[in-house]
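Structure first, then comments.
The values are calculated or read from the model by the stated rules, or taken from the named source; none is laboratory data. In this text, all values refer to a predicted model and were calculated from it rather than measured experimentally. Virtual Cβ from ideal backbone geometry, glycine too; neighbours counted across all protein chains shown. Areas reflect the complete protein model, heavy atoms only, side chains present, ligands, DNA and RNA absent. Shrake-Rupley method; radii C 1.70, N 1.55, O 1.52, S 1.80 Å.
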Amino acid sequence: MNKRIIIYFGGIISGIYLCIYKIYKIKKNIYDIKCERDKYWEMFLMMSAWMRNRQRGKLISDFLERKGFHEIDIYGLGDIGKNLYEELSYKNINVRYLIDRNKNIQIQGKTVKSLGDIDKSVDAVIITVIYNFEEIKEELAQKYNCPILSLADIIYKM
């Protein structure tokens, strides 16, 4: 009889543990989905502000020239980084390096570099990544001795 009770309670405890574990996994998935949603919302807001600026004749290249930045590196080559590179490639701003953790990309014939492949002589670095900006900025500050700018800050300050 004692053996049955132990097996019975063992089953109940295992069931409770499994339920708690499942609830934890579901909450983690919901949190991850919310973070992803927030990231895309921030990207949408920034791209919307970028378009409004362009419609009003406010260009990122003009902002950079006013600040004295004529040669830059771009960090982050998702859709936003690619759009920035394309916009600047038609203006008087020389984009020296395209930097991304994923080196297996090539944009308009330009090879993407990793942080280990770069030298430091540039006017500024623009980070296009919205999330993890501070971490990336700290990592870049170890490599560069120039201003490290957030594209979002540029767009909202124009």
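If you roll a 1.4 angstrom probe over the protein chains with everything in place, what fraction of the accessible area of region 14-158 belongs to carbon and sulfur, to the nearest %?
Carbon with sulfur: 51 percent of the solvent-accessible area.
Please compute the length gained on full extension between Ile7 and Lys58, using 0.36 nm multiplied by the number of residues separating them and subtracting their Cα-Cα distance.
Once the chain is fully extended between Ile7 and Lys58, it gains 11.1 nm.
Listed here are the pairs Lys25/Lys143; Lys39/Lys137; Lys39/Lys103; Lys110/Lys137; which of them are more than 27 Å apart at the Cα?
The answer is Lys25/Lys143.
Per residue, how much accessible area does region 1-153 have with a 1.4 Å probe, in Å²?
Per-residue accessible area for region 1-153 comes out at 67 Å².
How would Thr128, Thr111 rank on accessible area, largest to smallest, probe 1.4 Å?
The ranking, largest first, comes out as Thr111, Thr128.
Quick one: which residues, 5+ away or cross-chain, put their amide H under 5 Å from the amide H of Ala124? H built at 1.01 Å from N.
Correct list: Glu71, Asp73.
With springs connecting C-alpha atoms under 10 Å apart, model the chain as a Gaussian network and identify which of Gly76, Gly57, Gly11 has the largest mean-square fluctuation.
Gly11
Please find the FRET efficiency linking Ala141 to Ile16, where r is the Cβ-Cβ separation and R0 is fixed at 41 Å, and quote it to the nearest 0.05.
It comes out at approximately 0.25.
What size of dipole, in debye to the nearest 20, comes out for region 1-150 about its Cα centre when the only charges are +1 on Lys and Arg C-beta atoms and -1 on Asp and Glu C-beta atoms?
It works out to roughly 840 debye.
Show that you can apply the helix-only estimate: for the chain, add -39,500 (n - 2.57) for every DSSP H stretch of four or more residues, divide by all residues, and state [θ] at 222 nm to the nearest 500.
So the calculated ellipticity at 222 nm is -19000 deg cm²/dmol.
Pull out the extension gain between Asp153 and Glu87, defined as 0.36 nm times the separation in residues minus the alpha carbon to alpha carbon distance; nm, one decimal.
Going from the current span to full extension adds 22.1 nm.
Checking the a/c ratio against 1.5 first, then a/b against b/c, what shape does the Cα gyration tensor give for the chain?
Because a/c hits 1.5 or more and a/b exceeds b/c, the chain counts as prolate.
Of Gln142, Ser61, Ser121, which is farthest towards the positive pole of the chain's charge dipole, taken about the Cα centre with +1 and -1 on the beta-carbons of Lys, Arg and Asp, Glu respectively?
Gln142
For Ser89, Ser150, what's the largest-to-smallest order of accessible area, 1.4 Å probe?
Output order, biggest surface exposure first: Ser89, Ser150.
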